[in-house]
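The values are calculated or read from the model by the stated rules, or taken from the named source; none is laboratory data. What you see is a predicted model; the values in this text were computed from it and never measured. Because the Cβ atoms are built from the backbone with ideal geometry, glycine has one as well, and the counts that use them run over all protein chains shown.
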Amino acid sequence: MYSDRINSLPPYLFATIDEAKAAVKAKGVDVIDLGVGDPDQPTPDHIVESMCDAVRNPETHTYPSYTGMMSFRKAAADWCKETRGLDLDPASETLTLIGSKEGVAHIPLAFINPGDIALCPDPAYPVYKIGTEFAGGEAHIMPLLAENDFLPDFDAIPKDKLAKAKLMFLNYPNNPTAATADKKFFEEVVQFARDNDIVVIHDNAYSEMTYDGYKAPSFLSVDGAMDVGIELYSLSKTYNMTGWRLAFAVGNKDIIAGIGKVKSNIDSGAFDAVQMAGITALSSSQQCVADMNKIYEERRDTLLKGLKELGIDVKPPKATFYVWAPVPEGYDSMGFSKLLLEEAGIVATPGVGFGTYGEGYIRFALTRSVERINEAVERMSKLKI
Ligand SMILES: *Cc1c(COP(=O)(O)O)cnc(C)c1O
């Protein structure tokens with residue numbers, strides 16, 4: 001019944017984890033879920049209020065524009081100017097997305113012919129690879145290794161693969177490794193993309209979620225980046241708005257136009273009322289973001305302190321709400337996550353869920369309170385590892 005593209009999908013590991021979690025819950029265990037990368041705090045009030053006002057206005061009830069409300073795209077451009085000094089033309093260099101997942105999934109359709117290659121990091125957000133394959137392309141894996149600070153090594157890409165590469169996905173601050181990239185790396189990316197004629201998609205979903213005074217540089221702030229790529233910014237993690245489905249793409253106008261062409265033939269744009277709430281999020285005080293980061297920072301420190309006492313030493317991540325921890329000796333990532341779930345009632349995501357090169361790691365999401373994280377650490381300390 002199903003197409004080859006569906007039949008060739010890898011078994012969905014997260015469904016297996018969900019089943020195992022449900023089975024443990026059914027036994028009456030109080031499960032602590034550090035698995036999901038979904039903020040536990042509500043969307044800030046001023047954004048919710050703005051949505052309530054907008055949805056009462058019947059003008060928001062019709063089909064939205066394919067490319068997004070100009071007022072939202074202008075707010076996005078202004079926010080990029082304010083937060084990272086980018087100069088963008090809202091009309092040609094911005095595009096509203098129905099979440100960055102939608103953007104990532106549709107982008108290969110604009111640039112990949114059957115047989116073309118997209119360079120995809122591993123471990124990574126799974127949609128880069130699957131979106132490429134859905135478009136008939138091939139994903140060439142760029143391993144993210146600890147010894148390279150979880151940055152891809154472009155010299156390791158075989159010449160014949162490079163010749164067919166049209167697209168590259170990057171994501172820093174990174175999910176799942178929590179690694180960051182500096183401007184020097186982004187300069188190398190620009191050079192590499194120029195030399196090999198590759199379109200760069202920088203997925204910047206964790207752009208604002210940073211700690212200890214660190215600020216994540218924008219790929220587009222590097223000289224020449226506007227010639228080769230775009231960045232995706234999402235309101236999901238930044239403003240606790242995962243359910244609202246709102247993000248935007250900014251950067252090279254030809255790349256933006258290509259994605260717009262795909263979208264105008266597939267979807268009908270983001271709900272105007274959601275975009276109006278998005279304007280409020282982007283143009284109001286950013287104190288709510290700083291407040292959330294404080295909360296995540298405290299949770300991060302709580303978890304790291306606990307892991308350290310268990311002999312798992314992780315360098316404090318400067319960004320994202322993830323802790324990417326090596327699993328103890330004698331375990332693989334599935335085995336250790338199974339142990340955590342079945343013996344301690346803790347859900348964490350096995351590294352292999354993000355690709356082959358995630359083996360040997362487990363990802364904790366800082367999406368539960370300090371009290372719950374302390375409880376999780378307490379339970380872990382009783383495990384015989
Ligand atoms: C969460 C996440 C997304 C999805 O963001 P949405 O805007 O909610 O679709 C995209 N990329 C990465 C790396 C993520 O972790």
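Counting residues in segment 124-146 that are crowded, with 18+ Cβ neighbours inside 10 Å, over 19 Å from the mean Cα position of the chain (by Cα) and of a type in the set (Val, Ile, Thr) gives zero. When the test is whether a residue is in the same structural domain as Asn174 (by TED's automatic domain parsing), away from the ligand (no atom under 15 Å from the Cβ), over 20 Å from Gln286 (Cβ atoms) and hydrophobic (A, V, I, L, M, F, W, C), Ala110 passes it. Close Cβ contacts (under 6 Å, 6 or more residues apart or on different chains) running from residues in segment 224-240 that are more than 22 Å from Phe111 (Cα to Cα) and in contact (Cβ under 8 Å) with a residue 24 or more places away in the chain to residues that are in a helix (DSSP H, G or I) and within 11 Å of the ligand (Cβ to nearest atom) comprise Ser236/Thr242. Flag: Ala205 matches the condition of being small (Gly, Ala, Ser), touching a Lys or Arg at 6+ places or on another chain (Cβ under 6 Å) and either within 16 Å of the ligand (Cβ to nearest atom) or part of a loop (DSSP other than H, G, I, E, B) (or both). Of the numbered criteria (1) in contact with a strand residue (DSSP E or B) (Cβ under 7 Å, 6 or more places away or on another chain); (2) on the phi < 0 side of the Ramachandran plot; (3) not hydrophobic (A, V, I, L, M, F, W, C), the one Gly269 fails is (2).
Residues being in contact (Cβ under 8 Å) with a residue 24 or more places away in the chain and part of a helix (DSSP H, G or I) are represented in segment 308-321 by at least one member.
Can you find a residue that is under 20 Å from the mean Cα position of the chain (by Cα), charged (D, E, K, R) and surrounded by 13 or more Cβ atoms within 10 Å (Cβ to Cβ) anywhere in segment 16-39? Within segment 16-39, one or more residues are under 20 Å from the mean Cα position of the chain (by Cα), charged (D, E, K, R) and surrounded by 13 or more Cβ atoms within 10 Å (Cβ to Cβ). The residues in segment 222-261 that are in a helix (DSSP H, G or I), touching a strand residue (DSSP E or B) at 6+ places or on another chain (Cβ under 8 Å), within 9 Å of the ligand (Cβ to nearest atom) and among the hydrophobic types (A, V, I, L, M, F, W, C) can be counted, and the count is 1.
Residues checked against (1) at pLDDT below 95; (2) within 16 Å of the ligand (Cβ to nearest atom):
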site	(1), (2)
Lys25	yes, no
Val55	no, no
Thr62	no, no
Ser65	yes, no
Lys81	no, no
Arg84	no, no
Pro90	no, no
Thr96	no, yes
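Only one of the numbered conditions (1) free of Cβ contacts under 8 Å to residues at least 40 places away in the same chain; (2) within 15 Å of the ligand (Cβ to nearest atom); (3) of a type outside the set (Asp, Glu) is violated by Leu151, and that is (2).
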